[in-house]
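Inspection log for the structure reproduced underneath, given as structure tokens.
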Amino acid sequence: MKKSFSFRTLIWVIALITAFSCLTLPAQSAAAPKPVKYVFLFIGDGMSIPQRMMADEYSVRAKQGKLFINQMPWQAVTTTRSANEFITDSAASGTAIACGEKTINGRIGIDATGKRKFESIAKVAKKSGRKVGIITSITINHATPASFYANVLSRSNYYAIALDLINSNFDYFGGGGAAKHDDKKSKLYQGNIYDLAAKAGYQVAHGKKAIMQLKPGSGKAFAVGSPSAIPYAIDNTPDTMRLPEFVDQAIKLLDNPNGFFIMTEGGRIDSVCHSNDAATVLQEVIEFDKAVRIAKAFADKHPEETLIVVTGDHETGGLTLGFAGTGYKSYIENLKYQKCSLTELTRKINAIGDSKKSVTMDDIKPLMKKYFNMAYKSDKARTADALILTSAEEKQLANAFAEQFPKGKNKGGWAMARNIVRIFNNKCALGWTTGAHTALPVLTTAYGKSSDMFNGFIDNTDIAKILKQVVK
Ligand SMILES: [Zn+2]
């Protein structure tokens, strides 16, 4: 009797242990996914739920429908903390997403002790025989893309990162050019990065015209769309090769019987979240969504062989879809009035400042009207739909003017432009809490083969853990 009781207890204990270990297993080991021939990973830098929902709501109000990235059938809330901070930077989060390992902020592809190098999903894919493409709208050796091909102690070692790029032997690099590509101060200096890439067998194409001439079957390609980052979508530079075009070209160049892995970063979403410029963020997110739709069109032609995963590396700016001054009202559609980025507005204001001996507020007002549809109460010639400044906002601008133009002389900087954009954002019922990142989790969405692996509440390291199984 006693013996059989212990036996039954033992069975129960085993059953309980099994049940608990199933519960605590990370999502990816529940059932190993089968290999997928074509894998797309899209990362919106600085893109969390507020950025996605702002663009989604705007798009719906503009009668352009919901974003595709928000309609993908599988979703996972994704935590982002780094090895040493609750608030991650792009190097640590890039490493987590690319390699499935935590490291400290600032580090790429190497652990917190500085000793152990990680292997990225892109390297695993390359070893498997797939072709590999890395695309970004920011400089190609910036932290996020670098996490897929580099192992460096500091994200600011741009030259060292660019050398790792060349040594990766990956098949396609597209987007902004390499930062510090001729850094003679680097201890590792051995020549201009573009020359070294050509020597290593890359076809290096500068500018849209040259890039469009790259043909399938002609070997590894380095498509440099712009000397630095790709200009913002809102600033409308017609000769610029844009993110969806890079994705389209990468598919054409990399398609082969062994499949491919393509990582695409919307790298400039982060830049403009840092400067709290919502309308420019909006246009970058919409363009990012268009790039994902290019992959979707490919996936729909190869439904049993393609996986698309979309995530963000962290939230930037503390973007809030509401504002104390506008209560329960939302005016996201007002974002349509902004016609240039904060960066471009800063340049325009400084150009006026530099061209005149003495600047007055009346010199700035036409810019506010033309590029933001914002007008003073006293402006009798304003349009019917103009966003009219409150007395408090007029005062805020007067203070900003006094800061940048003491006695009418231009001190430079962006006090004036920044305050115009800040007021404009508030008039769209949007708020920001920081010029840095936040610890808000991001959203990962997935479409296609094995997309059901992205479900529930996961960590950013889980993305690489799952994808590494998929590209084996
Ligand atoms: Zn980032």
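The values are calculated or read from the model by the stated rules, or taken from the named source; none is laboratory data. Because the structure is a prediction, the values reported are computed rather than measured. When we count neighbours, we look across all protein chains shown, and the Cβ atoms used for this are built from the backbone with ideal geometry, even at glycine. Only protein heavy atoms, including side chains, enter the accessible area calculation; ligands, DNA and RNA are left aside. Shrake-Rupley method; radii C 1.70, N 1.55, O 1.52, S 1.80 Å.
Quick notes on this one:
- Helices (runs of 4 or more DSSP H) contained entirely in the stretch 20-129, each with at least 3 residues that are assigned by TED's automatic domain parsing to the domain that holds TYR158 and within 16 Å of the ligand (Cβ to nearest atom): 49-61, 90-99
Results for (1) without any contact (Cβ under 8 Å) to a residue 24 or more places away in the chain; (2) in contact with a helix residue (DSSP H, G or I) (Cβ under 9 Å, 6 or more places away or on another chain), shown as yes or no for each residue.
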residue	(1), (2)
GLU315	no, yes
LYS329	no, no
LEU335	no, yes
GLY353	no, yes
PHE372	no, yes
THR383	yes, yes
SER391	yes, no
ALA398	no, yes
GLU403	yes, yes
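- Filtered residues of the stretch 281-319 (kept if more than 16 Å from the ligand (Cβ to nearest atom) and more than 15 Å from LYS37 (Cα to Cα)): LEU282, GLN283, ILE286, GLU287, ASP289, LYS290, ALA291, VAL292, ARG293, ILE294, ALA297
- Filter result for PHE148 (assigned to a strand (DSSP E or B) and either over 19 Å from the mean Cα position of the chain (by Cα) or aromatic (Phe, Trp, Tyr) (or both)): no
- Residue list for the stretch 234-244, restricted to those being part of a helix (DSSP H, G or I) and open to solvent by 30 Å² or more (accessible area, probe 1.4 Å): ASP235
- Hey, TYR149 more than 16 Å from the ligand (Cβ to nearest atom), open to solvent by less than 10 Å² (accessible area, probe 1.4 Å), touching a helix residue (DSSP H, G or I) at 6+ places or on another chain (Cβ under 8 Å) and assigned by TED's automatic domain parsing to the domain that holds GLU284 or not: yes
- Of the helices (runs of 4 or more DSSP H) lying entirely inside the stretch 353-472, those containing at least 2 residues that are exposed (fewer than 13 other Cβ atoms within 10 Å of the Cβ) span 361-372, 391-404.
- The listed residues are ALA150, ALA122, and the only one of them that is under 25 Å from ILE87 (Cβ atoms), at pLDDT 95 or above and hydrophobic (A, V, I, L, M, F, W, C) turns out to be ALA150.
- Restricting the stretch 100-142 to residues that are surrounded by fewer than 23 Cβ atoms within 10 Å (Cβ to Cβ) and within 17 Å of SER156 (Cα to Cα) leaves a set whose member that is farthest from the chain's Cα centre (by Cα) is GLY114.
- One residue stands out in the stretch 263-280 among those that are within 19 Å of HIS142 (Cβ to Cβ) and open to solvent by 10 Å² or more (accessible area, probe 1.4 Å): the one that is nearest to the ligand (Cβ to nearest atom), namely ASP270.
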